[in-house]
Amino acid sequence: MDALRSIRGMNDILPTDATHWQFLEKSVAELLERYGYGELRLPLVEPTALFSRSIGEVTDIVEKEMYSFEDRNGDSMSLRPEGTAGCVRAAIQNNLIANPCRLWYSGPMFRYERPQKGRQRQFHQIGAEIFGYATPDADAELIILLARLWRILGIADAVTLEINSIGSSEARAAYRAALVAYLEQHQEALDEDSQRRLLSNPLRILDSKNPDTQALLNDAPALEEYLDEESVEHFATLRAYLDTAGVSYTVNPRLVRGLDYYNKTVFEWVTDKLGAQGTVCAGGRYDGLVQQLGGRSTPGVGFAMGMERLLLMLEACGKLPDARSPDIFVVTSGTDALHAAIAAVEQLRDAQPSLSIVQQLGGGSFRSQMKKADRSGATLALLWGEDEVAAGEVTVKPLRDGQEQLRLSVASLAETIPSLLQQHTH
Ligand code: ATP
Ligand code: MG
């Protein structure tokens, strides 16, 4: 029978990689907690309407990337393609936004895309949202926090920040009309994708990757000229805060983001280390979204980072932590020895809970067990045979530095092990 395989673009994360994931997740979670963000754990499945009403009907995500299905009642639901919509839904439903609050979430997201390096169908994000502040110090906090995260991870030199303001929805509507009027005069020069977007989502044409389209845009009306005064001021103040914090950025006037709910600030952290999948983190302000989803009008701003892309970057920059080897590998010969080892090792774990100790299971010859001890990368082997059991002792064999083995009484093991480990760690 053919073995079943995972779904294309939905990958297993194996133990060696999982230690890297744990490292990254822990780094991000600790930093967010230190800035006062509380974790929100959200369902993976939400009503389809939540996403069409927030992300927007004519966005790539809702048009062609969602995993939507009917449950047994015939209700339409979708695997979440991103976290903000669910976060806003939960914040409204649980009245978390009665007062301003900072929230973060993490976990898998699902989009039906063409799988490639840095692009999966099940991928993972960590995101953060601030609710209740219309002032640009909130936008700044998120960006400053991210700049610190890149420094902590050692990848600050490999990412750059692009920011833009897309203004109020009224300003955008006026600009959209002007942009469409201009592009309609040059319709034949637009690529197929952009022609389609001209009708559905013309602002997205601004971040077209097509060089001809980009050239055409050089003479197009600029979004900046249509911005409302409040947005202009918000953007200037945000930039001043970033200057104060020493966070450098470039203003990219064509940055618009692919989701409908943004207004004013949008930003992306990009890298040239990942080819076409260069955006590792993206976000922006969404002052209308809470109300749009049925809550009391509440401003919001947030970001989401792509964990797979960040891990690829950490790898490219040589910043992944080394695999951790066990401290101790336990080898026994015979049933009595195994009993003695189980008892002694459990006492050792009581006394030194942070030690990593791997017990050889299933017995085997002394030689083959020693080979496994060596391959485990452990610093020390603890050996029990008939002699040791009879004497109430254990043999300690340093595995990494070629030093002589020694015998200890089992009673002194817990006390002696820490200094032996220190002595023989290479
Ligand atoms: P892209 O332009 O690369 O498709 P996006 O604008 O669709 O990205 P967002 O919805 O803003 O992405 O999601 C935020 C981040 O999540 C992205 O910057 C990226 O790091 C990550 N991301 C998005 N889609 C995927 C995917 N299919 N696989 C892996 N990571 C992804
Ligand atoms: Mg996308």
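Any chance you could run the full-extension gain for R176 through A245? It's 0.36 nm times the residue separation minus the Cα-Cα distance, nm to one decimal. It would help to have the intermediate numbers written out before the result.
Numbers: separation 69, 0.36 × 69 = 24.84 nm, distance 3.39 nm.
Extra length available between R176 and A245 comes to 21.5 nm.
For the range 132-137, what does the Karplus curve 6.51 cos²θ - 1.76 cosθ + 1.60, with θ = phi - 60°, yield as ³J(HN,Hα) per residue in whole Hz, taken in order and with x for Gly and Pro?
x, 10, 8, 7, x, 5
Can you sort F69, F23, F110 by solvent-accessible area, 1.4 Å probe, largest first?
Numbers: F69 85, F23 65, F110 15 Å².
The ranking, largest first, comes out as F69, F23, F110.
Would you mind counting up the charge near D374? Only other residues with Cβ under 15 Å from its Cβ, with Lys and Arg at +1 and Asp and Glu at -1.
On the way: positive: R367, K371, K372, R375, K397, R400; negative: D327, D401.
Computed value for this residue: +4.
Please report the accessible area of T335 (heavy atoms, 1.4 Å probe, ligands and nucleic acids excluded) in Å², nearest 10.
My reading of the accessible area for T335 is about 100 Å².
What is the sum of charges, Lys and Arg at +1 and Asp and Glu at -1, for the other residues whose Cβ falls under 12 Å from the Cβ of R111? Mind showing how you got there, number by number?
Numbers: positive: K64, R80, R114, R119, R121; negative: D60, E63, E65, E82, E113.
Result for the neighbourhood of R111: 0.
Can you tell me the orientation of helix 15-34 relative to the chain, as the angle in degrees between its alpha-carbon axis and the longest Cα principal axis, to the nearest 10?
The helix 15-34 is inclined about 60 degrees to the chain.
Report the charge-dipole magnitude of the range 272-426 in Debye, nearest 20, computed about the Cα centre from +1 at each Lys and Arg Cβ and -1 at each Asp and Glu Cβ.
On the way: 14 positive and 17 negative charges, 157 e Å.
The dipole of the range 272-426 has a size of about 760 debye.
Based on the alpha carbon coordinates of the range 328-419, what radius of gyration and maximum Cα-Cα distance (Dmax) apply, in Å?
Cα radius of gyration and Dmax of the range 328-419 are 11.9, 30 Å respectively.
Please give the FRET efficiency for D219 paired with R5, using the beta carbon to beta carbon distance and R0 = 51 Å, rounded to the nearest 0.05.
Details: r = 50 Å, r/R0 = 0.99.
Calculated transfer efficiency: 0.50.
Report the accessible area of F123, computed with a 1.4 Å probe over the heavy atoms of all protein chains in place, in Å² rounded to the nearest 10.
Estimated to the nearest 10 Å², F123 gives 20 Å².
Can you sort M109, M1, M370 by solvent-accessible area, 1.4 Å probe, largest first? All intermediate terms of the calculation are to be shown ahead of the outcome.
On the way: M109 0, M1 235, M370 30 Å².
These residues rank, largest area first, as M1, M370, M109.
Please work out how much accessible surface T244 shows to a 1.4 Å probe, ignoring ligands, DNA and RNA, in Å² rounded to 10.
120
If I model a spin label as a point 7 Å beyond the Cα along the Cα-Cβ vector, how far apart are those points for F366 and I152 in nm?
4.9
Which order do you get for D228, D139 if you rank them by accessible area with a 1.4 Å probe, largest at the top?
Details: D228 40, D139 0 Å².
Ranking D228, D139 by accessible area, largest first, yields D228, D139.
For the residue pair A391 and L355, what label-to-label distance in nm results when each label sits 7 Å from Cα along the Cα-to-beta-carbon direction?
Those two pseudo-labels are separated by 1.9 nm.
Below 9 angstrom from the Cβ of A337, what's the summed charge of the other residues (Lys, Arg +1; Asp, Glu -1)? Write down the numbers at each step before the final one.
Values: positive: none; negative: D336, E386, E388.
Neighbour charge sum, excluding A337 itself: -3.
The values are calculated or read from the model by the stated rules, or taken from the named source; none is laboratory data. No experiment lies behind these values; they were computed from the predicted model shown. Every residue, glycine as well, gets a Cβ built from its backbone with ideal geometry; the counts of neighbours run over all protein chains shown. We work out accessible area using only protein heavy atoms, side chains counted, and drop any ligands, DNA or RNA first. Shrake-Rupley method; radii C 1.70, N 1.55, O 1.52, S 1.80 Å.
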